[in-house]
Amino acid sequence: MKKISLQLETLSCPTCAAKIEVALKKSQGVIDPEVLFNSSRVKLSYDENLIDIEGVKKVIAKLGYGTLDVKEGL
């Protein structure tokens, strides 16, 4: 299991953050996603046997949000 933090493009409302969090929770291999509206940041753990960072970014992109930066091991 790996931990990452992703910096998103600025979120315009708390509903946007909730939408991303729900989609990530439904994604196989994503563990305990937390979307922080105020900082436009996502923190989560993931099982690298089921999903990778690019897979996480695709889930977010499908909702119309961009990822600016990824930090591993947080």
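The values are calculated or read from the model by the stated rules, or taken from the named source; none is laboratory data. Keep in mind the model is a prediction, meaning the values are calculated, not measured. Please note: Cβ atoms are built from the backbone with ideal geometry, for glycine as well, and neighbour counts cover all protein chains shown.
Regarding region 34-42, can at least one residue be identified that is of a type in the set (A, V, I, L, M, F, W, C) and part of a helix (DSSP H, G or I)? If you could, list the steps in order and put the result at the bottom.
Going through region 34-42, the residues of a type in the set (A, V, I, L, M, F, W, C) turn out to be 35-37, 42.
Adding the requirement that they be part of a helix (DSSP H, G or I) leaves none.
Looking for residues that are of a type in the set (A, V, I, L, M, F, W, C) and part of a helix (DSSP H, G or I), one finds none in region 34-42, hence no.
From (1) loosely packed, with under 14 Cβ neighbours inside 10 Å; (2) modelled with pLDDT of 95 or more, pick out the condition that doesn't hold for residue 45.
(1)
Going through region 43-52 one residue at a time, which ones are over 15 Å from residue 71 (Cβ atoms) and either touching a strand residue (DSSP E or B) at 6+ places or on another chain (Cβ under 6 Å) or not charged (D, E, K, R) (or both)?
Hits for region 43-52 are 48, 49, 50, 51.
I'd like to know if region 14-22 contains one or more residues that are in contact with an Asp or Glu (Cβ under 9 Å, 6 or more places away or on another chain) and touching a residue at least 40 places away in the same chain (Cβ under 8 Å).
Within region 14-22, none of the residues are in contact with an Asp or Glu (Cβ under 9 Å, 6 or more places away or on another chain) and touching a residue at least 40 places away in the same chain (Cβ under 8 Å).
Please specify each residue of region 52-74 satisfying the condition of being part of a helix (DSSP H, G or I) and of a type in the set (Asp, Glu). First the steps, then the outcome.
Of region 52-74, the ones part of a helix (DSSP H, G or I) are 53-62.
Answer for region 52-74, where residues must be part of a helix (DSSP H, G or I) and of a type in the set (Asp, Glu): just 54.
Tally time: how many residues in region 8-42 are loosely packed, with under 15 Cβ neighbours inside 10 Å, within 11 Å of the chain's Cα centre (by Cα) and within 15 Å of residue 67 (Cβ to Cβ)?
Final tally of qualifying residues: 1.
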